[in-house]
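Q: Structure in structure tokens, see below.
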């Protein structure tokens, strides 16, 4: 395995011949992060517990996906500091040494929480955003107020910004996710962001009647 593959987060990877369909690795990593981002008990945040939750949803044997999940933790999530050990659960059975040290369960780091905010399967984004900014440095907090407001008024737009930010990192278009700085998006060429900016600026200049007419028009096509 090359160094590049070790540091590659695959949550946005798609099949080259199947359009936008996510790869198995992408879906697996997204599922792991989604579970760690949810309020589940420690037993469900062990590698076995995560395997069982994913397998139950997919209606397959958990042992069939355990090796992939083990690899995701050891080669991606832990080295990249997306997840970290949150504690250990005692074992009543198995090798004595393992009973003594227990089995680890995990949670998301600050970086992991930011990545979770970019995943469409995540539902509790408002609380995750609060948790992220509770861990943030003062230089990162300039984005807190506007993103918190936008999340309430335009959740899909806010999600798309966070998704573009994290995806740019996954595609090696920006070097680091942290410190959190959305101005890094200026480093990438994204036509959709330019279009959205143009629309917002133009909409603010419209009269009240023109705004109403514009909304009526958009309601007809979306």
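Q: Please report, ordered by residue number, the helices (runs of 4 or more DSSP H) entirely within the stretch 1-116 with at least 3 residues that are more than 21 Å from residue 159 (Cβ to Cβ) and either at pLDDT below 95 or in the same structural domain as residue 136 (by TED's automatic domain parsing) (or both).
A: On the way: elements: 3-6, 24-37, 47-58, 63-72, 96-101, 110-116.
Here the list reads 3-6, 24-37, 47-58, 63-72, 96-101.
Q: Here are some residues: 127, 172. Which one is surrounded by 10 or more Cβ atoms within 10 Å (Cβ to Cβ) and part of a helix (DSSP H, G or I)? Working first, answer last.
A: Details: 172 fails: part of a helix (DSSP H, G or I).
It is 127.
Q: Now for a different question. Which of the residues spanning the stretch 139-156 are closer than 28 Å to residue 8 by Cβ and in contact with a helix residue (DSSP H, G or I) (Cβ under 7 Å, 6 or more places away or on another chain)?
A: As a first pass, look at the stretch 139-156 and keep what is closer than 28 Å to residue 8 by Cβ: 139-140, 143, 147, 156.
Within the stretch 139-156, 143, 147 qualify.
Q: A further question follows. Would you pick out the residues in the stretch 132-162 that are within 16 Å of residue 110 (Cα to Cα), in contact (Cβ under 8 Å) with a residue 24 or more places away in the chain and either touching a strand residue (DSSP E or B) at 6+ places or on another chain (Cβ under 6 Å) or surrounded by fewer than 16 Cβ atoms within 10 Å (Cβ to Cβ) (or both)?
A: 135, 137, 139
Q: Mind listing whichever residues of the stretch 187-214 are surrounded by 10 or more Cβ atoms within 10 Å (Cβ to Cβ) and either under 24 Å from residue 165 (Cβ atoms) or in the same structural domain as residue 171 (by TED's automatic domain parsing) (or both)? Give the derivation first.
A: Going residue by residue through the stretch 187-214, those that are surrounded by 10 or more Cβ atoms within 10 Å (Cβ to Cβ) are 187-188, 190, 193-200, 202-203, 206, 210-214.
Of everything in the stretch 187-214, those that are surrounded by 10 or more Cβ atoms within 10 Å (Cβ to Cβ) and either under 24 Å from residue 165 (Cβ atoms) or in the same structural domain as residue 171 (by TED's automatic domain parsing) (or both) turn out to be 187, 188, 190, 193, 194, 195, 196, 197, 198, 199, 200, 203.
Q: Now for a separate question. Does the stretch 59-77 contain at least one residue that is touching a helix residue (DSSP H, G or I) at 6+ places or on another chain (Cβ under 8 Å) and touching a residue at least 60 places away in the same chain (Cβ under 8 Å)?
A: Looking through the stretch 59-77, at least one residue is touching a helix residue (DSSP H, G or I) at 6+ places or on another chain (Cβ under 8 Å) and touching a residue at least 60 places away in the same chain (Cβ under 8 Å).
The values are calculated or read from the model by the stated rules, or taken from the named source; none is laboratory data. Note that the structure is a prediction, hence the values are computed from the model and not measured. Glycine gets a Cβ as well: all are built from the backbone with ideal geometry, and neighbour counts include every protein chain shown.
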